[in-house]
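Input: a single structure, listed below in C-alpha cells.
The values are calculated or read from the model by the stated rules, or taken from the named source; none is laboratory data. Source: prediction; values computed, not measured. Every residue, glycine as well, gets a Cβ built from its backbone with ideal geometry; the counts of neighbours run over all protein chains shown. In case anyone asks, the SASA skips ligands and DNA or RNA and just uses the protein heavy atoms, side chains included. Shrake-Rupley method; radii C 1.70, N 1.55, O 1.52, S 1.80 Å.
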Amino acid sequence: MLNFFTELGSATREAFGKIGRGTFFLLHALSGFGYVGLRPRLLLKQMYSVGVLSFLIISISGLFVGMVLGLQGFYILSDFGAEESLGVMVAASLVRELGPVVSALLFAGRAGSALTAEIGLMKATEQLSGMEMMAVDPVKRIITPRFLAGLICMPLLAALFSAIGVMGGHMIGVGMLGVDDGSFWSQMQSSIDFRHDIINGMIKSLVFGFSATLIALFEGYDCLPTSEGVSRATTRTVVNSAFAVLGLDFILTALMFGD
Amino acid sequence: MSNNEQNIVSIRNLCFSRGARKIFDGVSLEIPRGKITAIMGPSGTGKTTLLKLIGGQLRPASGQVIFDGSDVHSLSTRELFNLRKKMGMLFQSGALLTDMNVFDNVAFPLREHTRLPEPLIRSLVLIKLQAVGLRGARMLMPNELSGGMARRVALARAIALDPLMIMYDEPFTGQDPISMGVLVHLIKSLNQILGLTSIIVSHDVRETAEIADYIYLLADGKIIAQGAPRELEQSDSAWVQQFLHGYADGPVHFHYSADEYFADLLSGVN
C-alpha cells in the first residue's frame, strides 16, 4: 500500500516536472524567433523536410479517406433519398474533423517521430553539447526553425488533405455511383461556411500542429541520450501526440460548433 | 606574475554529485597557461564531467571554477557564451554536425560569431584544415570520415575562433596506432605553435604521459596524485603504480565487492 503511494507520488512529481521543463523549453524556443528571422534558410530547409516530404502520405491518405466517405455517405444518404447532399457531407466531415485530425495523426507519425529521433541522436552524439560549447544556443539554432516549420506546414497539409479528400469523394459519388455532379458541388457551396467551417478547421490544425511539433521536439530534447532512450522517446512522441490531438479535438469541437 | 595570470583555470574546492553519488568531493587544481595538463583516472571518475563544469555546462554543488579571471558559474548566459568563445572543446565523438560537410563544419563558429566576408572565411577554414592535414577532405560529409579524421576536423573547428584553451575529451580512445600518433603530434604542436593551453582528459597512460607537462590523477572524487610524468613514474603509491602500469589487481580490486565466494556458491544449493 505504502509502495503504491510512493510510486503515485513519484509519478506525479515526474509528470509535473515534465510540464515545467516543457514550458521553459517552449519559451526558450519562442525566444529564438529573432535568430531564425536572420537566417531564413534554416526555416526553409525544415519546411522542406517537415512539410514537402509529407505531401505524398497526406495526399494518398486524403484520397482514400475521401473515397471511403463517398461510399459510406452514399449508402446512408440514399436510404433517405438524400444522396444529392453527398457533397456537403463529405466536405463538412473533411473540413471540420477528418482533415485536421487525420493529417495531424499522420504528421505525428511521419514528421514528429523523425524530429524526435533526429534531435535525440544529435543529443546522443554530443552535437547539441558541442554547439553549446561553441557558444551557439542549440535551442535557437535547432529547435526553433523546426517548431516554426511544423506550425506553418500543419494547416497547409490539412488543407491539402481536405481538398484531395473532396476530390476522392467526388470521384466515387459522382463518377461511380451516379450522384448528380451539379448538386454535389452546389449544395456543398451553399452549405459550407467559410468562417464557421473552413477557418475553424484551420484553427484546429494550427493547434494540432503546435502541440504535435512541440511534443516531438521536447521528447527528443529531453530524452536519455542512449539508443534505448531515443527509441522510447520516439514511441512517446507518437502516443502522446495522438492523445493530445484527439483530446484537443474534442475540446475545440465543443467550443467551436457547440452553439 | 600574479596567480591569475599564471593559471588560466583555477578550480577551488569543487563538489558535484549526480543523484546520491558524489562525483567530486572537494577537488582543487590549477591549469597553468601555455602548458599541456592531463587529468587522468579510471573510467567513470567524472573526468568528462570536470570538463563540462569548466565549460559551464554543469553547475557544481559548491566550489568555484575561475577561467581567465572570471568565475564561470556566476556569469549570465550571455557572458558565459562570450567566455566560451575563448575555449574550444574536442568531444570524444567529435560532435561534428552531421548535416554539413567538413568545410561548413569548420566554418560554422566563424559564420555564427563573426561577420567576416565569405572569401576570408574560406581562407581561414583552409588554414585550419591545413593545420590538421585535411584540406583535401573539405567536401566530405562527416559519415564519410574515419574516427581519427573526424577528430581532426573537430580539432580544426575547435581552433577556428583562435581560443585561449582547448579541452580534449578522451582524444585517443578507439584510435589505431597511426591516427593516435597523428593526434599526439597535433596536440603537442598546436599547443606550441598557437600558444594554446591544453587540458587532456584521458586514461591512455603512455600517449598522455608523452606530451603532458603535468598530470593530475583523479579517483573517487579526489585528486590522488599529481606531478610531472617523471615524478609520478617514481611515485611509491601502490595505486599510482597500478594505474600507470595497468596491473590487474592491487588497491583497485579485480573483483567487484561481493559476498564470500564459497558461501555464495553454496547458498544456491538447496
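Looking at segment A:158-181 only, could you name the residues that are of a type outside the set (Val, Ile, Thr), touching a residue at least 40 places away in the same chain (Cβ under 8 Å) and not in a helix (DSSP H, G or I)?
Matches in segment A:158-181: A:LEU177, A:ASP180.
Would you point out the residue of segment A:172-216, among those that are aromatic (Phe, Trp, Tyr) and open to solvent by 60 Å² or more (accessible area, probe 1.4 Å), that is modelled with the lowest pLDDT?
So, considering only residues that are aromatic (Phe, Trp, Tyr) and open to solvent by 60 Å² or more (accessible area, probe 1.4 Å), the one modelled with the lowest pLDDT is A:PHE194.
Within segment B:112-122, is there a residue that is assigned to a loop (DSSP other than H, G, I, E, B), within 12 Å of chain A (Cβ to nearest Cβ) and open to solvent by less than 30 Å² (accessible area, probe 1.4 Å)?
No, the conditions are met nowhere in segment B:112-122.
Can you list residue pairs whose Cβ atoms sit under 7 Å apart, with the first residue in segment A:124-147 being facing chain B (nearest Cβ under 7 Å) and the second being surrounded by 24 or more Cβ atoms within 10 Å (Cβ to Cβ) and of a type in the set (A, V, I, L, M)? Count only pairs 6 or more apart in sequence or on different chains.
Every condition considered, the pairs that remain are A:THR125/B:ALA95; A:GLU126/B:ALA95; A:GLN127/B:ALA95; A:SER129/B:ALA95; A:GLY130/B:ALA95; A:MET133/B:MET89.
Show the residue pairs that are 6+ apart or on different chains and have beta-carbon atoms under 8 Å apart, the first residue being within segment B:88-102 and within 8 Å of chain A (Cβ to nearest Cβ), the second being of a type in the set (Asp, Glu) and not in a loop (DSSP other than H, G, I, E, B).
B:MET89/B:ASP169; B:PHE91/B:ASP169; B:GLN92/B:ASP169; B:LEU97/B:ASP104
Every residue in segment B:197-213 that is more than 16 Å from B:LEU244 (Cβ to Cβ) and open to solvent by less than 40 Å² (accessible area, probe 1.4 Å), please. Break it down stepwise before answering.
If we filter segment B:197-213 for residues that are more than 16 Å from B:LEU244 (Cβ to Cβ), which is where we start, we get B:197-199, B:201, B:213.
Passing the criteria: B:THR197, B:SER198, B:ILE199, B:VAL201.
Of all residues in segment B:45-87, which are at the interface with chain A (Cβ under 8 Å from one of its Cβ atoms), of a type outside the set (A, V, I, L, M), open to solvent by less than 50 Å² (accessible area, probe 1.4 Å) and in contact (Cβ under 8 Å) with a residue 60 or more places away in the chain?
Passing the criteria: only B:GLY55.
Suppose we filter A:VAL52, A:VAL90, A:VAL65, A:VAL101 for residues that are without any contact (Cβ under 8 Å) to a residue 60 or more places away in the chain and under 22 Å from the mean Cα position of the chain (by Cα); which single one remains?
Only one candidate qualifies: A:VAL52.
When segment A:226-240 is examined, which residues are found to be charged (D, E, K, R) and either over 17 Å from A:GLU126 (Cα atoms) or touching a residue at least 12 places away in the same chain (Cβ under 8 Å) (or both)?
Those that are charged (D, E, K, R) and either over 17 Å from A:GLU126 (Cα atoms) or touching a residue at least 12 places away in the same chain (Cβ under 8 Å) (or both): A:ARG232, A:ARG236.
Taking segment B:214-247, which residues are open to solvent by 80 Å² or more (accessible area, probe 1.4 Å) and either of a type in the set (Ser, Thr, Tyr) or at negative phi (or both)?
Once the filter is applied, which keeps residues that are open to solvent by 80 Å² or more (accessible area, probe 1.4 Å) and either of a type in the set (Ser, Thr, Tyr) or at negative phi (or both), segment B:214-247 yields B:LYS222, B:GLN226, B:ARG230, B:GLU231, B:GLU233, B:GLN234, B:ASP236, B:HIS245, B:TYR247.
Being under 30 Å from B:LEU129 (Cβ atoms), open to solvent by less than 20 Å² (accessible area, probe 1.4 Å) and without any contact (Cβ under 8 Å) to a residue 60 or more places away in the chain is the requirement here; does B:LEU186 meet it?
yes
If I filter segment A:10-38 down to residues being touching a residue at least 12 places away in the same chain (Cβ under 8 Å) and charged (D, E, K, R), which single residue comes out as least open to solvent (accessible area, probe 1.4 Å)?
Ranking the qualifying residues of segment A:10-38, first place goes to A:LYS18.
Scan segment B:134-150 and give yes if some residue there is of a type in the set (Asp, Glu) and within 14 Å of chain A (Cβ to nearest Cβ), otherwise no.
The first filter runs over segment B:134-150 and keeps only residues of a type in the set (Asp, Glu), leaving B:144.
Still in the running and within 14 Å of chain A (Cβ to nearest Cβ): none.
No, segment B:134-150 contains no residue that is of a type in the set (Asp, Glu) and within 14 Å of chain A (Cβ to nearest Cβ).
Restricting to segment B:60-95, name every residue that is charged (D, E, K, R) and either at positive phi or in contact with a strand residue (DSSP E or B) (Cβ under 8 Å, 6 or more places away or on another chain) (or both).
Correct list: B:ASP68, B:ASP71, B:GLU79, B:LYS86.
Step by step: first the residues of segment B:164-183, then only those that are open to solvent by 10 Å² or more (accessible area, probe 1.4 Å) and either under 19 Å from B:LEU51 (Cα atoms) or touching an Asp or Glu at 6+ places or on another chain (Cβ under 7 Å) (or both), then the one that is modelled with the highest pLDDT. Which residue is that?
Ranking the candidates gives B:LEU164 first.
When you go through (1) farther than 24 Å from B:ARG152 by Cα; (2) within 12 Å of another protein chain (Cβ to nearest Cβ) one by one for B:PRO42, which number turns out not to apply?
(2)
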